[in-house]
Amino acid sequence: MRRYDWIEKIMEDLREEILELRRNAFVETIMGLENEIYIIGYLGRTVPKEIFYGFDLVPLPLDGVDKYILEYSNEKDLCSIIDSTLTYAMTKKCPLLYNAKLVVVDNSCPLLLKILKENLKDKIFFYDGNINNLKNRVEDVYKRDFSETNFLKAVELSKNISSKLEKLSKTNIDSRFLYEVEFYTQFIFSLKEKNNMIDRVLSHFKDVDKKRQKLYVPRAIQILDYIDEKYKDYKIIENFCLGEVFKTYKSSGYEFLKEKYNSEKSDKLDILFQDCPYDNK
């Protein structure tokens, strides 16, 4: 095998491994129940995920990522993000949604919060920015104490991961693969393993101070084929109803949460979702 072919094969295998991370999370969620490894779901751009690691829980984003599930939907006039998330929840076809004892939802999309609260009742907790109330609810549902030490460790790992993803965006990595790394590594249970995975990806690319067109999108995973066909050298920014901004954060502890989660949401989107009542209004 020629060196070029060998390198190409390594990259294909790495990308395939990345794309399998969400499916792997399905299995890990079910298998983890026997060892009291529990997930907690979240939806929204301001939910402080690092808090959940303080309870030794695994936070996972639970929005619907594909449209095929809409075949089972009877809803009308809902954007595909809300519709697919609700349909997965009501049909119990997503093991992540099914096995999460609690789903924490903020007010980034008031309609998503309203619809999930109406349908999933007490399984939904509305996060209004009060961290103490959030801690109390998680402790009540999962019967676990909060570890300040584990929380602080999670903050430092989260900072490292965010900084490395920012660094990755400046390399010669393909734009689509960049987003796939950002999105699918969310489903790695351990922050240390996530950090190591991103290190592996970084090792295959060169820092070229890449300049990319910023695309502000509610959630790109459902429309990634469309984006990749239409744009070149892009960087997807999800800071409207879901997602997070990957950059170098300076603060630590609870100040880090303020710095990361209190940022202004995107006020204008480059790609709109049909039936979204909030975009570019």
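Key figures for this structure:
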read-out: Residue list for the stretch 95-126, filter: within 16 Å of the chain's Cα centre (by Cα) and free of Cβ contacts under 8 Å to residues at least 60 places away in the same chain; value: Leu97
read-out: Qualifying residue in the stretch 138-152 (condition: touching a residue at least 12 places away in the same chain (Cβ under 8 Å), under 22 Å from Ile237 (Cα atoms) and assigned to a helix (DSSP H, G or I)); value: no
read-out: Considering residues of the stretch 59-73 that are closer than 17 Å to Leu120 by Cα and not hydrophobic (A, V, I, L, M, F, W, C) only, the residue surrounded by the most Cβ atoms within 10 Å (Cβ to Cβ); value: Gly64
read-out: Residue in the stretch 210-218 that is farther than 18 Å from Val47 by Cα, at pLDDT 95 or above, out of contact with any strand residue (DSSP E or B) (no Cβ under 6 Å at 6 or more places or on another chain) and not hydroxyl-bearing (Ser, Thr, Tyr) present; value: yes
read-out: Wholly within the stretch 1-99, helices (runs of 4 or more DSSP H) carrying at least 3 residues that are more than 19 Å from Arg144 (Cβ to Cβ); value: 3-19, 21-32, 80-91, 95-99
read-out: Answer residue from the stretch 6-58, given it is at positive phi and surrounded by fewer than 21 Cβ atoms within 10 Å (Cβ to Cβ) and is modelled with the highest pLDDT among those; value: Asp56
read-out: Subset of the stretch 65-85 [under 17 Å from the mean Cα position of the chain (by Cα) and without any contact (Cβ under 8 Å) to a residue 40 or more places away in the chain]; value: Ile82
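The values are calculated or read from the model by the stated rules, or taken from the named source; none is laboratory data. Remember, predicted model here, so these are calculated numbers, not experimental data. As a convention, Cβ positions derive from the backbone with ideal geometry for all residues, glycine included, and neighbour counts pool all protein chains shown.
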